[in-house]
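Sharing a structure, written as structure tokens. Questions coming.
The values are calculated or read from the model by the stated rules, or taken from the named source; none is laboratory data. Predicted, not measured: the structure shown is a model, and the values here were computed from it. Every residue, glycine among them, receives a Cβ derived from its backbone with ideal geometry; neighbour counts consider all protein chains shown. Side chains are part of the model used for accessible areas, which takes the heavy atoms of the whole protein and leaves out ligands, DNA and RNA. Shrake-Rupley method; radii C 1.70, N 1.55, O 1.52, S 1.80 Å.
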Amino acid sequence: GRLPVIVYANGACFNNNVEMRLLLNEVASHGYIAIAIGPYDEESTVEQWKRVLFGNYPKGKDVVLATGERYPEPTADQKEEARIAQEAARAAAEKAAKKKKKAEPEPFHTYPRQLLEALDWITDQNADANSEYYHMVDLDKVAAMGQSCGGAQTLAVAHDPRIKTCVMLNTGIGENTMQGVDKNCLESLHTPMFYMIGGPVDIAYKNAQGDYDNIKDLPIVMANSLDGHSGTYYEKNGGPYAVAARKWLDWQLKGKVGESAMFLDDEYEAKFYPNWTFVRKNW
């Protein structure tokens, strides 16, 4: 049958989807078209993620790179090399501070409108008899999803009437302003919202809680794991975060009411996700 669509905005508003490759592939394998903004692959980007992975991912977790390759524990020499590099970076920062030179912030490489451009593109493909997507797209079933900074980009376009639900991963606007949105944008939301957060150690925790409090009338669920800001994106098939995202989308876009148990049934949550906490309102 025709496939629902997910438009996805990358963490750090980055111009590459390498971090979420496992999750997006897993969800798509259940019958979705997932479109992440930015180029599909850059070898140098994958190498960058390899180097920073252990600095951002909880110690001791089963880690698999987005390429499918396992990432080994760094050797003693690699750890020493990383320590020296960190010391050099700290010294350079202190030197710059003494000169009272304020570094320019790194520009974002993507912008919110690209999510709607992706939706426009797949709409055109659906109508093009020469496209492999011809009459294969269910344009009445569209989700917007973003991680971290990408969540702000999701909020920036969530007012679009074509979007039927939003999945917010390790993100929230809270009292901040980012990507042209602030908490006032929550007033323009019109769809059920799902927030998947990594618990109190997640840097997005406070902002997500603020969004939950500030969304007054719309159905919303917020789940918190103990996985921090990097979720389970490097685990096999995207880990439990991929399962949660897929179940939400199956419920919201495909009408699979049985999948709502993960979000609305206290006994189900306690049995299958005992280390997660769930809150919900307006259902």
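Where Lys and Arg each count +1 and Asp and Glu each count -1, what net charge lies around Cys166 among other residues with Cβ under 13 Å from its Cβ? Don't skip to the answer; put the middle values down first.
Values: positive: Arg162, Lys164; negative: Asp160, Asp211.
Net of charged neighbours comes to 0.
Okay, next question. So for the pair His159, Lys256, with labels modelled 7 Å out along Cα→Cβ, what separation do we get in nm?
Those two pseudo-labels are separated by 3.4 nm.
First obtain the Kirkwood hydrodynamic radius of region 158-283 from its Cα pairs, then insert it into the Stokes-Einstein equation at 4 °C and 1.567 mPa s, and state the resulting D in µm² per second as a whole number. Write down the numbers at each step before the final one.
Values: Rh = 14.9 Å.
Taking Rh from Cα pairs, D becomes 87 µm²/s.
5 Å is the cut-off here: which amide hydrogens, built 1.01 Å from N in the peptide plane, fall below it relative to Ile220, excluding neighbours closer than 5 in sequence?
Amide H neighbours of Ile220, under 5 Å, 5+ apart: Met193, Lys281.
If you don't mind, there's one more thing I want to ask. How many nm separate the modelled label positions at Tyr268 and Asn15, each set 7 Å beyond the Cα in the direction of the Cβ?
According to this spin-label approximation, the distance is 4.2 nm.
Using only the alpha carbons of region 153-213, determine the length spanned along each of the three principal axes and report them from longest to shortest in whole angstroms.
34, 20, 18
Leaving out ligands and nucleic acids, note down the accessible area per residue over region 126-253 with a 1.4 angstrom probe, in whole Å². Don't skip to the end; give the middle numbers.
Numbers: 4720 Å² over 128 residues.
That works out to 37 Å² per residue.
Report the full-extension gain for the segment Ala129 to Glu81: residue separation times 0.36 nm, less the Cα-Cα distance, to one decimal in nm.
Details: separation 48, 0.36 × 48 = 17.28 nm, distance 5.49 nm.
My answer for the length gained is 11.8 nm.
Heavy atoms of the protein only, probe of 1.4 Å, neighbouring chains included. What is the accessible area of Ile203 in Å², nearest 10?
130
Run the paramagnetic zone check for Lys216: 7 angstrom along Cα to Cβ, then residues of region 250-283 with backbone nitrogen under 15 Å.
282
If you don't mind, another one. For Asn275 and Met136 in one chain, what is 0.36 nm times their gap in residues minus the Cα-Cα distance, to one decimal in nm? Numbers along the way, then the final one.
Values: separation 139, 0.36 × 139 = 50.04 nm, distance 3.89 nm.
Answer, rounded to one decimal: 46.1 nm.
Here's a follow-up. Taking the alpha carbon gyration tensor of region 195-253, what are the square roots of 5 times its eigenvalues, largest first, to the nearest whole Å?
Values: eigenvalues 83, 60, 7 Å².
Computed over region 195-253, the values are 20, 17, 6 Å.
List, in the order given, every pair from Lys236/Lys256; Lys216/Lys247; Lys216/Lys271; Lys206/Lys256 whose Cα-Cα distance in the structure shown is over 27 Å. Please report the intermediate quantities before stating the final value.
Working: Lys236/Lys256 24 Å; Lys216/Lys247 24 Å; Lys216/Lys271 29 Å; Lys206/Lys256 31 Å.
From the list (Lys236/Lys256; Lys216/Lys247; Lys216/Lys271; Lys206/Lys256), the Cα-Cα distance tops 27 Å for Lys216/Lys271; Lys206/Lys256.
Explain nothing, just compute: Karplus ³J(HN,Hα) = 6.51 cos²θ - 1.76 cosθ + 1.60, θ = phi - 60°, for every residue of region 228-241 in order, whole Hz, x for Gly and Pro.
These are the phi-based 3J(HN,Hα) values: x, 6, 8, x, 10, 5, 9, 7, 3, 6, x, x, x, 5 Hz.
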